[in-house]
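The values are calculated or read from the model by the stated rules, or taken from the named source; none is laboratory data. This structure is a prediction, so every number in the text was calculated from the model and none was measured. Neighbour counts are summed over all protein chains in view; Cβ atoms, including those assigned to glycine, are modelled from backbone coordinates with ideal geometry.
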Amino acid sequence: MSPNYSPVTEQVVRDLAEILGKSNVAVDLEKRIAYSYDEVPRFYWDRDYIAEAVVFPETTEHVAAVMKYANEHVIPVTPRGAGTGLSGGAVPFAGGIVLSFEKMRRILELDRKNLTITVEPGVVTAEITKAAQKEGLLYAGDPCSGDASFIGGNVAENAGGNKVVKYGTTGNSVLALEAVLADGTVTWFGGKRRKDATGYDFAHLIVGSEGTLAVVTKIILKLLPLPGKVVDLLVPFPDVHSAIDFAPLIQSEGKVIPSSIEFMDGKSIRLAERFLNTVLPYDDAGAHLIIQLEGNDPDVLADDMERIGDLCMSYGALEVFVADNRTTRDKLWKARKCLAEAIMAYYPKYSLEDLVVPTSEIPKLMAETTRLCEKYGVQEANFGHVGDGNMHVNILFPEERPDWHEIIEGLLDELYEFTAGIGGTLSGEHGIGLKRQKYMCRVMDQAQMDLISRVKTAFDPKEILNPGKMIRCREREGGPVLSG
Ligand SMILES: Cc1cc2nc3c(=O)[nH]c(=O)nc-3n(C[C@H](O)[C@H](O)[C@H](O)COP(=O)(O)OP(=O)(O)OC[C@H]3O[C@@H](n4cnc5c(N)ncnc54)[C@H](O)[C@@H]3O)c2cc1C
């Protein structure tokens with residue numbers, strides 16, 4: 001723990017129990033460990049980062065009182081959603097208090113006139129989708145982890161997912177946030193209005209800030225009319241390159257904006273089959289694309305489907321399978337959505353990456369990934385949101401290797417550098433967290449790094465909010481100071 005932070009003493013625990021009620025404070029080791037990790041495997045870190053206390057606020061007032069107390073006593077606070085993060089964002093790097101949102105899980109309002117839904121941060125993403133659907137409305141956020149992740153975590157990471165091509169990331173659905181600042185002040189950023197040119201856009205500065213600037217306690221999300229009909233096309237290609245070369249043409253030549261354009265390479269297809277104990281069509285293909293189309297007019301949708309199907313075939317697809325009923329569509333999406341879990345299940349060591357490049361550069365990124373995996377003697381399995389240029393490159397070690405950490409470091413160093421050189425960046429949706437902060441200077445110049453430090457200081461002068469994330473925290477005389 002940083003010597004600049006105060007420890008969580010028995011007195012602190014008593015004070016927290018006074019603020020929140022005894023049942024909302026946990027200090028037993030088992031709970032502290034359980035709430036100190038996300039989905040980045042523990043082997044990734046050089047040591048364990050364990051919370052000194054875990055608290056479970058039930059209201060904004062609880063959160064405000066905890067923050068006020070922590071700020072006064074200079075105790076670090078790490079907000080936590082469902083812990084499905086893939087960047088170590090919810091790992092309590094400096095110990096202190098983990099602020100879990102699992103008890104703030106109410107849907108507060110669905111406003112049909114303004115097409116908004118107001119929720120607490122602990123609502124599971126899929127619950128929002130279901131609540132909207134019940135009213136014939138669409139909540140467009142759709143991360144693959146949506147059955148588990150919390151909306152607060154989605155906002156903090158600016159989560160993407162499978163519908164970004166058409167609807168954008170979580171931030172595009174956020175209209176307003178209730179935030180608790182580091183000193184316990186409660187404020188609202190934004191409102192139910194669809195546009196706002198009044199001052200800085202603080203709501204969207206908080207989106208994607210990974211719990212380093214403020215704690216989100218309520219969220220107003222935009223809803224849309226639910227499309228009447230949805231169709232998924234599963235399109236096998238003979239190899240990775242024909243699939244990724246084709247993907248951008250779906251919009252430019254197909255003249256349609258699909259809601260999803262997803263990609264799985266051959267290895268990912270086989271991994272999904274093994275994990276789900278299922279068989280997918282053309283499972284010996286080099287790659288699959290999943291293209292989702294939606295609309296209200298069945299004739300228009302049928303035309304779009306036919307045009308995209310023909311286009312696929314003219315660019316080398318092996319076949320076009322149409323999934324237009326719930327069962328086949330579910331089967332398809334299960335395969336796509338299980339891939340991160342499949343890798344976690346079968347590989348003793350791996351690194352799940354989240355690179356994003358201009359869509360035209362994906363072929364170069366894939367070629368370089370293969371070259372580097374060959375150079376370092378490791379395997380790759382790649383899948384992702386190809387329609388957004390966001391590829392989940394996965395570096396796989398089929399066996400335990402004592403030098404895995406050095407290999408990963410060397411490989412990622414080269415891969416990130418290459419990605420930056422073709423106009424890409426470190427993460428499209430998983431965030432920087434603890435995992436990628438040391439690479440930030442690869443994609444941001446000193447002016448931007450300094451700005452990040454200054455914004456952080458403006459919001460959180462004592463650096464108690466999620467320290468050690470996004471940019472590195474180092475000690476300097478007079479207290480902890482952020483630096484590149
Ligand atoms: C199998 C699998 C599939 C995935 N698929 C996708 C995908 O398709 N798209 C995608 O974008 N991500 C995906 N992810 C990553 C992950 O699910 C997302 O990053 C998600 O947004 C994290 O939500 P969470 O509730 O689990 O947050 P956590 O992991 O608990 O926390 C994430 C960050 O949010 C901060 N935070 C949490 N709540 C608050 C709050 N109320 N206020 C301020 N800060 C807060 C934490 O401090 C941390 O920095 C996947 C993960 C897995 C395991």
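Some notes on this structure:
- In the range 187-212, residue surrounded by the most Cβ atoms within 10 Å (Cβ to Cβ) [restricted to those that are among the β-branched types (Val, Ile, Thr) and within 13 Å of the ligand (Cβ to nearest atom)]: Thr212
Residues checked against (1) within 30 Å of Ala243 (Cα to Cα); (2) out of contact with any Lys or Arg (no Cβ under 9 Å at 6 or more places or on another chain):
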site: Gly389; (1), (2): yes, yes
site: Leu396; (1), (2): yes, no
site: Ala420; (1), (2): yes, no
site: Glu429; (1), (2): yes, yes
site: Arg442; (1), (2): yes, yes
site: Leu451; (1), (2): no, yes
site: Thr457; (1), (2): no, yes
site: Lys462; (1), (2): no, yes
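- Helices (runs of 4 or more DSSP H) contained in the range 229-323 and holding at least 2 residues under 25 Å from Leu138 (Cα atoms): 249-252, 298-314
- Selected residue (criterion: farthest from the chain's Cα centre (by Cα)) from residues of the range 120-135 that are part of a loop (DSSP other than H, G, I, E, B) and buried (at least 21 other Cβ atoms within 10 Å of the Cβ): Glu120
- Number of residues in the range 120-165 that are closer than 17 Å to Glu39 by Cα, near the ligand (Cβ under 8 Å from one of its atoms) and among the hydrophobic types (A, V, I, L, M, F, W, C) equals 6.
- Residue list for the range 166-186, restricted to those being in contact (Cβ under 8 Å) with a residue 60 or more places away in the chain, at negative phi and either more than 9 Å from the ligand (Cβ to nearest atom) or in contact with a Gly (Cβ under 9 Å, 6 or more places away or on another chain) (or both): Lys166, Tyr167, Thr169, Glu178, Leu181, Ala182, Asp183, Thr185, Val186
- Any hit, the range 70-77, residues being aliphatic (A, V, I, L, M), within 27 Å of Ser145 (Cα to Cα), at pLDDT 95 or above and touching a Gly at 6+ places or on another chain (Cβ under 7 Å): yes
- Beta carbons closer than 7 Å, at least 6 apart along the sequence or on distinct chains, pair a first residue in the range 13-33 that is free of Cβ contacts under 8 Å to residues at least 24 places away in the same chain and closer than 18 Å to Val63 by Cα with a second that is outside any helix (DSSP H, G or I) and aliphatic (A, V, I, L, M) for Ala17/Val25.
- Those helices (runs of 4 or more DSSP H) lying entirely in the range 372-484 with at least 2 residues at pLDDT 95 or above and in contact with a Leu (Cβ under 6 Å, 6 or more places away or on another chain): 404-421, 446-459
- Scope the range 196-213; condition under 18 Å from the mean Cα position of the chain (by Cα) and of a type in the set (Asp, Glu); matching residues: Glu210
- Residues (among the aromatic types (Phe, Trp, Tyr) and farther than 24 Å from Gly377 by Cα) located in the range 409-460: Phe459
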